[in-house]
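J.: Below are the structure tokens for one structure; questions will follow.
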Amino acid sequence: MAQEVSNIKSKAIAGFFWQLAQKLFGQVIHFVVSVILARLLMPEEFGIVALSSMFMLLINVVLSGGLHLALIQKKDADDKDFSTIYVAGLVFALIFYAIIFLTAPYVAKAFGNDLACPVLRVLGLNTIIASLSGVQNAYISRHLQFKKLFYVSFSGTVLSAIVGVAMAYTGWGVWALVGQSMTLTIATTIALSVVVPWHPSLKFYWSRFTGMYAFAWRQMVATIIGTVSNQMRGYAIGIKYSAADLAYYNRGEGIPNIFYSQLFLTVKSVFLPAVAKLQDDTEAVKNALSRTMKISSYALTPAMLGLAAMSSNIVLALYTEKWMPAVPFMQLICVMYCFLLLGNMNIEALTAMGRTDIVMKLESGKSVAMLSILAVTVFISPLAIAAGQTLYSIGACLFNMWPNKRVLNYSIRQQAKDVSSNVLMSVVMAVVVFLVGYLPLNLYVLIALQIAVGLSLYLTMSVVFHNESYYYLKDMLLKKIKH
């Protein structure tokens, strides 16, 4: 068993670096392409695709929120399981596309834009195409073969970027964005069918489906509740207040979300399949969660609190004076993401253990609390909404930690102890960075100085106080470079 844990740990570490490279590369390409397309296309054209994507978000959550995850979580999944989920996923995709096709005119009418109907119908084809590669994606995650996923993502991202920009240059308008999205899905599906050794047999086994669906439906419901809840604060600001208020909120969320999503999605994609293989060894799962909490908080907490301390200068430098009302939103969201990460890692551990029953109850309880806070703060101000959600994230973090006292013998006190040194160092660093921001220097020089001071101070404290996560990451990185 010790050898198995060691092998899984080694694969997980390698997978972390490949996944991190994939996320960072994709983020850079996406940013560059979005800037180019924004210069070539009109805001209204972006809006049509965004509105269509909002309608499809819930459908994609339904399709991907449980079935493929069940394959990753199931300890002894075999070819019959993979084939069954492949057929089920394809059938569900066809059904949901029929729903998209039939309801598209009504959605377009609700949006007040007739072009949304054909756009939605074409984008909806992504649902069917993606279902053809969902099982292959689960196969890669299950076997921790993230190097293959990096090359698949690389080819698809580059090709779709070329197609999107080329279509925009040649006057395709909104269809350039549609073409970019379709190309990414098609290229990824074809590449996965080539690099993954598993191929569908189109056989369906009802007993296998019912066994996995018992896990999948609870996870799906939990994901839907979480997704809808996370979207509500933005909808509340947009409906109750002005479009400018919503823009300030979204602008304040933008940069923190880049840091959070890249780290969390990278850790999640490796943590879940790795821990699923260890689900029968409670102590190993507890140790894996503890290590992940330490490393994640060591990386994200200083980034978030440092960004909060620099937010005024960052917003002024990137977005100019007119966007300064976004600063308090950015500061609150940075704090929120620190707690969100810790809480969500506990959810991932429960999911890997197959306890989607607990996850569903947690998401249901939290959604009631979130809506209650939102119902009060929505009548005060947009900033009150953001502040309320930050307070909610603290309570939700503790709520997510609580079940693992019983499931993993990993109490809230133990978890707090594991991350306390990282948080304290981050707070000290952020205070110093904030004070440096008052120096009478050129804005861009000042930002560079704040980053340098914050990074050097945090690393110095890590060495002086013999921070465990620092030395662990240092050794892991040196071994990876040497390898």
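The values are calculated or read from the model by the stated rules, or taken from the named source; none is laboratory data. Note that the coordinates shown come from a computational prediction; the quantities given were computed from them, not determined experimentally. Glycine gets a Cβ as well: all are built from the backbone with ideal geometry, and neighbour counts include every protein chain shown. Surface accessibility is based on the protein's heavy atoms, side chains included, excluding ligands, DNA and RNA. Shrake-Rupley method; radii C 1.70, N 1.55, O 1.52, S 1.80 Å.
J.: Among the residues of segment 357-389, which ones are open to solvent by 10 Å² or more (accessible area, probe 1.4 Å), among the polar types (S, T, N, Q) and either in contact with a Pro (Cβ under 8 Å, 6 or more places away or on another chain) or assigned to a helix (DSSP H, G or I) (or both)?
T.: If the condition is that a residue be open to solvent by 10 Å² or more (accessible area, probe 1.4 Å), among the polar types (S, T, N, Q) and either in contact with a Pro (Cβ under 8 Å, 6 or more places away or on another chain) or assigned to a helix (DSSP H, G or I) (or both), then SER364, SER367, SER372, THR377 are the ones that fit.
J.: Determine whether segment 447-459 contains at least one residue that is closer than 29 Å to LEU289 by Cα, open to solvent by less than 80 Å² (accessible area, probe 1.4 Å), at pLDDT 90 or above and in contact with a Ser or Thr (Cβ under 9 Å, 6 or more places away or on another chain).
T.: Yes, there is a match, as at least one residue in segment 447-459 is closer than 29 Å to LEU289 by Cα, open to solvent by less than 80 Å² (accessible area, probe 1.4 Å), at pLDDT 90 or above and in contact with a Ser or Thr (Cβ under 9 Å, 6 or more places away or on another chain).
J.: Continuing with this model, one more query. Show the residue pairs that are 6+ apart or on different chains and have beta-carbon atoms under 8 Å apart, the first residue being within segment 185-213 and over 19 Å from PHE92 (Cβ atoms), the second being acidic (Asp, Glu) and surrounded by fewer than 20 Cβ atoms within 10 Å (Cβ to Cβ).
T.: If the second residue must be acidic (Asp, Glu) and surrounded by fewer than 20 Cβ atoms within 10 Å (Cβ to Cβ), the pairs left are TRP198/ASP79.
J.: Sticking with this structure for a sec: Would you please name the residue that is modelled with the lowest pLDDT, looking only at residues in segment 238-249 that are under 22 Å from the mean Cα position of the chain (by Cα) and closer than 17 Å to VAL378 by Cβ?
T.: Selected residue: LEU246.
J.: Moving on. Pick from segment 415-425 the residues that are under 17 Å from MET345 (Cβ atoms) and in contact (Cβ under 8 Å) with a residue 60 or more places away in the chain: which of them is most open to solvent (accessible area, probe 1.4 Å)?
T.: Out of the qualifying residues, it is VAL423.
J.: Of all residues being small (Gly, Ala, Ser), closer than 20 Å to PRO118 by Cα and more than 25 Å from the chain's Cα centre (by Cα) in segment 158-175, which is most open to solvent (accessible area, probe 1.4 Å)? Just the residue, please.
T.: Applying the filter and picking the extreme gives GLY171.
J.: Check off (1) small (Gly, Ala, Ser); (2) in a loop (DSSP other than H, G, I, E, B); (3) open to solvent by 60 Å² or more (accessible area, probe 1.4 Å) for GLY354 and give me the number that stays unchecked.
T.: (3)
J.: What number of residues within segment 381-436 are within 29 Å of TYR249 (Cβ to Cβ), touching a Ser or Thr at 6+ places or on another chain (Cβ under 6 Å) and not aliphatic (A, V, I, L, M)?
T.: Selection size over segment 381-436: 3.
J.: TYR260 - would you say it is buried (at least 21 other Cβ atoms within 10 Å of the Cβ), within 30 Å of VAL378 (Cβ to Cβ) and modelled with pLDDT of 80 or more?
T.: Here the answer is yes, as TYR260 does meet what is asked.
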